[in-house]
Amino acid sequence: MRPEDILVPTPSGVCCKPGGFHIDPTRPVDKALITHGHSDHARAGHGAVLATQETLDIMRLRYGDNFAGSTQAVAYGETLKLGDTTVSFYPAGHVLGSAQIKVERKGLRIVASGDYKDVPDPTCLPFELVPCDVFISEATFGLPVFRHHDAAGEVSKLLRSVALFPERAHLVGAYSLGKAQRVIALLRAAGYDKSIYLHGAMEKITAYYQSRGIDLGAVEFVRGAKKSELAGTITICPPSAMTDLWSRRFPDPVAAFASGWMRVRARARQRGVSLPLVISDHADWDGLTATIAATGCSELWVTHGQEDALVHWAQTRGMKARPLDIVGYGDEEESENPAPPEGEA
Amino acid sequence: MNRFAELLDRLAYEPGRNNKIRLIADYLRKVEDPDRGYALAALTGALSFKHAKAGMIRTLIAERTDPALFALSYDYVGDLSETVALMWPSDPAQRANKTPTVTDVVETLSTLGKAQLPAQMTRWLDALDENGRWALLKLVTGGMRIGVSARLAKTAAASLGDKAPDEVEIIWPGLEPPYLELFAWLEGRGDKPTNLDPAPFRPAMLAHALEETDLAGLDAADFMAEWKWDGIRVQAVSGVDQDGNKVARLYSRTGEDISKSFPDLLPSLRLPAAIDGELLILRDGRVQSFNVLQQRLNRKTVTAKLTTEFPIHLHAYDLLYESGDDLRDLPFADRRARLEAFLAKLNDPRIDISPLVTFDTWPQLIAARADPAAGGAGLDAEAVEGVMLKRRDAPYSPGRPKGPWWKWKRDPMIIDAVLMYAQRGHGKRSSFYSDYTFGVWNGDDQLVPVGKAYFGFTDDELKEIDRFVRRNTVNKFGPVREVTHESDTGLVLEVAFEGLQRSTRHKSGVAMRFPRISRLRWDKPPRDADRLETLEKMLDKSGNKVPA
């Protein structure tokens with residue numbers, strides 16, 4: 001049996017014919033298995049959605065109660081029979097509720113990892129290695145220049161800057177699902193115990209994280225705070241808000257941005273960032289290659305990002321490897337954080 | 001190396017001058033000798049290592065990485081040093097306990113032979129992390145390019161001891177890395193170092209801008225006036241070292257040694273003195289415009305052809321020092337007399353005195369400024385940028401004291417142009433559309449871009465333009481917005497500029513010097529903005545600037 005007899009890559013996502021479902025489809029389908037809540041993977045309008053409880057909750061927060069015809073919560077490690085296939089979910093370490101999905105048929109195991117990272121994150125369960133024959137990997141940071149191993153070091157850089165410029169506000173651009181809460185948790189782990197300010201767009205998701213027992217300390221909303229009160233404070237906001245009118249309420253703000261893209265200077269400069277923080281919720285090059293090797297897979301499918309380099313690397317290691325041309329993955333920021341209307345006070 | 005790397009990293013991204021100073025000062029305060037001194041040397045451009053070249057770095061990385069992966073990475077990152085710093089294969093867990101310090105690197109490189117360099121670089125690159133490797137490569141290959149001038153770094157150093165930057169500047173030429181005696185003095189642990197340099201730079205005195213209305217509060221009898229030449233303000237210094245050899249140097253007004261660019265002037269600095277003056281090109285006794293002088297700037301090598309075709313000349317304004325006498329505390333009128341006598345003694349065709357503008361009353365000076373040709377500048381009028389007013393009794397004080405010196409530039413040229421594109425600014429302005437491309441009408445009644453300006457407006461005007469841009473966007477290209485610019489809708493900007501040049505690089509065929517927004521013409525419909533013919537008429541026969 002060939003892997004393609006189980007999963008077929010199509011431009012709108014991976015389709016499992018014998019199981020009668022799609023994984024992270026980018027257009028509405030009858031039955032969708034969703035790896036995690038970022039909007040490039042989790043879209044509204046499917047007939048049935050199977051995902052972890054957290055992912056379903058996050059989709060409901062973002063799209064409203066009617067985001068799907070029906071839903072089914074799947075626990076990590078639980079085994080489901082779908083058509084002719086066996087399916088189970090495992091932690092992916094990307095954001096709260098994120099999962100890898102293993103699809104098995106007649107002894108052939110395929111793991112669709114969604115987005116993942118193999119480093120500790122206090123806001124979600126750690127990545128679990130799932131041995132398989134075919135591994136479907138993302139490649140957001142699939143170039144050997146991307147290495148982001150010291151998130152704690154990046155946070156101390158931020159704290160040193162806050163100490164050096166007490167009269168300025170520090171704005172930290174971060175994706176509102178996952179990164180924002182991880183940055184807050186990292187700040188707490190570094191001993192920062194002051195109130196952390198939040199942009200309104202992060203309100204619901206952050207409250208949800210807290211309701212799931214993730215300790216983020218005291219958070220406040222910027223809304224209503226006076227300019228002078230914001231001196232010496234840290235505010236987490238969507239990246240797009242840093243260049244928006246919204247940012248003018250802060251005293252001489254230092255623009256920080258927590259993202260794996262900050263590793264490359266040209267990218268940081270394009271964003272007008274003055275304090276880049278290399279903190280990523282995706283595996284870096286070393287993480288991708290180590291994980292792929294550890295799964296023991298003989299075949300690698302690469303979904304989105306810098307596919308060429310990862311495919312080349314796998315081939316030099318004797319694996320079969322191919323890029324999947326799925327349209328619409330990898331822009332979690334753009335789709336996730338529509339800029340608030342201009343002129344919003 | 002790690003703290004130095006973090007400093008370079010922050011400086012490279014920080015747009016604000018004062019914030020850069022704070023970052024450097026914080027580093028100098030926290031880091032011990034001699035590391036901080038070598039770091040200061042790196043920031044002021046006082047270090048250079050002749051063997052470390054990009055080619056060697058390229059060879060090192062090629063030996064360690066898959067060529068296809070390197071090519072993809074280099075293509076993505078776009079900068080060799082950065083690509084190497086990021087993809088250098090090293091396992092953080094296997095890393096040596098000891099990372100090299102700035103001192104290790106500087107001292108090792110100063111003695112290391114070319115043959116040992118690759119192995120040494122490899123050891124260092126293995127021991128450092130991404131940022132450390134990037135800083136190391138910046139340090140050894142020179143060219144920091146992080147937007148820090150030597151002056152800025154010295155200003156930060158001075159702030160350690162609450163000293164004026166000029167105090168550091170005066171003693172700087174006599175100091176050597178790692179500047180132990182400098183830090184000792186700044187931290188109150190030692191005496192002020194003395195400058196033993198035989199031809200030191202003396203911090204320049206600068207003027208404030210004058211408006212015509214300011215004249216009412218000033219007495220014409222207190223002042224002397226001279227032409228403000230459109231050249232390069234320099235300080236030409238000559239002295240004798242301990243061995244009796246003559247040393248001649250030319251400094252920019254910020255104290256940068258630019259002798260190498262103008263070797264043809266140095267033989268004329270025969271007598272021990274420090275002259276404040278303007279560097280110009282003189283042909284057949286006539287001062288040439290700045291556009292001509294520009295041909296001599298930013299040259300890697302100065303050829304005989306260049307020095308013949310563009311003969312250098314110094315118009316002297318002031319004399320700060322002569323044969324052991326510091327003249328800076330004398331009144332200007334006395335220094336001027338000393339200057340005249342000195343130049344008579346020097347008697348060199350390449351150096352002469354910048355003539356005074358004679359006047360008894362302000363209306364006479366106003367007339368001379370309006371028409372320098374008739375006011376005494378004659379055929380050199382084209383190179384006159386305005387007039388300088390100097391109090392007769394003023395000493396030569398470094399920096400920009402208010403009152404003793406005034407610069408009064410000629411009226412700029414003015415056109416009305418239409419705003420076409422706006423781009424977001426940086427730093428404090430990152431939420432504002434603050435960089436404007438403007439155009440004028442051509443013969444086909446199309447708007448053609450003629451320039452870009454990002455200053456001249458007030459903070460309130462910036463807010464008004466920003467609002468206009470956001471409400472009238474017709475197209476977005478990344479950080480750039482195209483705004484509506486039709487004959488009856490759009491924003492007319494009054495643009496002031498100092499000169500015009502023909503340009504093959506601009507579609508309109510003209511390029512402006514120092515364009516800035518002088519007024520917002522909300523009252524004016526775009527169709528009444530200026531036309532390209534108006535600009536073409538402003539260009540004189542030779543393509544040089546003409547008065548408005």
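Remarks
- Pairs of Cα atoms nearer than 8 Å and 6+ residues apart set the relative contact order; for chain B it is 11 percent.
- Here the peptides B:207-217, A:85-95 are ranked by packing, the mean other Cβ count within 10 Å, and the order with the highest first is A:85-95, B:207-217.
- Estimated FRET transfer efficiency when R0 is 60 angstrom, pair B:R429-B:A344 (beta carbons, to 0.05): 0.70
- Distance cut-off 31 Å, percentage of C-alpha pairs in chain B lying past it: 60
- In terms of distances greater than 20 angstrom between alpha carbons, the cross-link table entries A:K31/A:K81; A:K157/B:K20; B:K409/B:K507; B:K53/B:K154; B:K50/B:K114; B:K20/B:K98 yield B:K409/B:K507; B:K53/B:K154; B:K20/B:K98.
- The ellipsoid that matches the Cα gyration tensor of the stretch B:208-407 has semi-axes, each √(5λ) in whole angstrom, of 28, 22, 14, with the longest given first.
- Inter-label distance for B:L206 and B:V240, nm, one decimal - labels placed 7 Å from Cα along Cα-to-Cβ: 3.6
- Calculated over the protein assembly as shown, the projected area of the Cα convex hull averaged across directions stands at 43.3 nm².
- Cα centroid of the stretch B:233-302 to Cα centroid of the stretch A:77-146, whole Å: 69
- Put simply, when B:6-12, B:81-87, A:168-174, B:264-270 are sorted by average Cβ atoms within 10 angstrom per residue, most first, you get A:168-174, B:81-87, B:6-12, B:264-270.
- Packing here is the average count of other Cβ atoms within 10 Å per residue, and on that basis the peptides B:529-537, A:234-242, highest first, run A:234-242, B:529-537.
- If a spin label sat at a point 7 angstrom from the Cα of B:R283 along the line to its beta carbon, no backbone N atom of the stretch B:494-533 would be nearer than 12 Å.
- With the convex hull of the Cα atoms taken as the outline of chain A, the averaged projected area works out to 16.5 nm².
- Distance (nanometres) between label positions extended 7 Å along Cα→Cβ at B:L297 and B:D528: 3.7
- If you take the alpha carbon atoms of the stretch B:413-538 and fit the smallest convex hull around them, that volume is 106 Å³ per residue.
- Dividing the C-alpha radius of gyration of the stretch A:151-277 by 2.2 N^0.38 Å, with N its residue count, gives 0.96.
- Relative contact order, percent, the stretch B:2-141 [alpha-carbon distance under 8 Å, six or more residues apart]: 36
- With both residues required to sit in chain B, DSSP beta bridges show an antiparallel share near 90%.
- Stokes-Einstein D for the stretch B:2-141, Kirkwood Rh over Cα pairs, 25 °C, 0.890 mPa s (µm²/s): 154
- Centre-to-centre separation between the Cα atoms of the stretch B:477-535 and those of the stretch B:354-420: 27 Å.
- Peptide A:141-150 has a mean shielding of 6, counted as Cβ atoms of other protein chains within 10 Å of each residue's Cβ.
- Taking all C-alpha pairs of the stretch B:332-432, those more than 24 Å from each other amount to 49 percent.
- Peptide B:165-175 shows a mean partner chain C-beta count of 0 within 10 Å per residue C-beta.
Every read-out reported here was derived from the displayed coordinates using simple, explicitly stated rules and does not represent laboratory data. Not measured: the values here are computed from a predicted model. Glycine also receives a Cβ, built like all others from the backbone with ideal geometry; neighbour counts cover every protein chain displayed.
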